[in-house]
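See below for the structure under consideration.
The values are calculated or read from the model by the stated rules, or taken from the named source; none is laboratory data. Predicted, not measured: the structure shown is a model, and the values here were computed from it. Cβ placement follows ideal geometry from the backbone for every residue including glycine, while neighbour counts extend to all protein chains displayed. Areas reflect the complete protein model, heavy atoms only, side chains present, ligands, DNA and RNA absent. Shrake-Rupley method; radii C 1.70, N 1.55, O 1.52, S 1.80 Å.
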Amino acid sequence: MPRKPSVSRSDHDVVDQLLHDWQRERPELDASAMAVVGRILHLGRLLEVGASERLREAGINYTDLDVLATLRRSGPPYRLTPTALRKSVLLTSGAMTACLNRLEARGLVARHAEGDDRRSLAAMLTPQGRKLIDKAIVARFEQAEEALAGLSARERAELARLLRKLRTSLR
């Protein structure tokens, strides 16, 4: 079994407690992977909550930001099919439809038929939607910066490299 790294009490987190508990209850299990996976899952929830709180100030939720940001970063004319959007934001078809309906009702996107196919309505940012996403994305980037304030530039780069490696290995 791998040696457990020494952790000072001030660095102790909820995952350390989880690992400690499993070591006590099921010492034959190698829980070392949970030291990483557990933290990634926990951090994901914490970061999403922080982002949602910051975005609420801008009058938008996290899912709506994701869709609007995808349209915005697609470049002019800021128009994508629902299929292209789903691939980027990982929403189900039903969730994407609900999100687009909500954004359209607020005047943030408009939907138009793609060519002669009335079954596929592409979503396009409206001027109001572009204004909102340009404001909201600044708040989102600021929140991300604050979340990583405890890491040096070198640590951020290394963490990004390792997370990319992990992500690409899970395809």
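Assorted remarks:
- Entry for mean projected area of the Cα convex hull in nm² (calculated from the structure that is shown) out of (i) 10.1; (ii) 9.6; (iii) 13.4: (iii)
- Computed from point charges on the beta carbon alone (+1 for Lys and Arg, -1 for Asp and Glu), the dipole magnitude for the chain about its Cα centre is near 540 Debye.
- Under-5 Å amide H pairs with Glu114, H placed in peptide plane, nonlocal only: Ser120, Ala122
- Calculated FRET efficiency, Ala105 to Leu46, Cβ-Cβ distance, R0 = 30 Å: about 0.45 to the nearest 0.05.
- Most positive-pole-ward Cα, Leu41, Pro82, Ala51, against dipole of the chain from beta carbon charges: Pro82
- Theoretical FRET efficiency, 1/(1+(r/R0)^6), r = Cβ-Cβ of Val37 and Lys135, R0 35 Å, to 0.05: 0.50
- Toward the positive end of the charge dipole of the chain, with +1 on the Cβ of Lys and Arg and -1 on the Cβ of Asp and Glu, the farthest Cα among Ala105, Leu29, Ala136 is that of Ala105.
- Accessible surface of the chain, 1.4 Å probe, proportion on carbon and sulfur as whole %: 57 percent
- Less than 5 angstrom separates the built amide H of Ala31 from none of the residues sequence-distant by 5 or more or on a different chain.
- Lys-Lys pairs in the chain that are eight or more residues apart or on separate chains and whose Cα atoms lie under 26 Å of each other come to 4.
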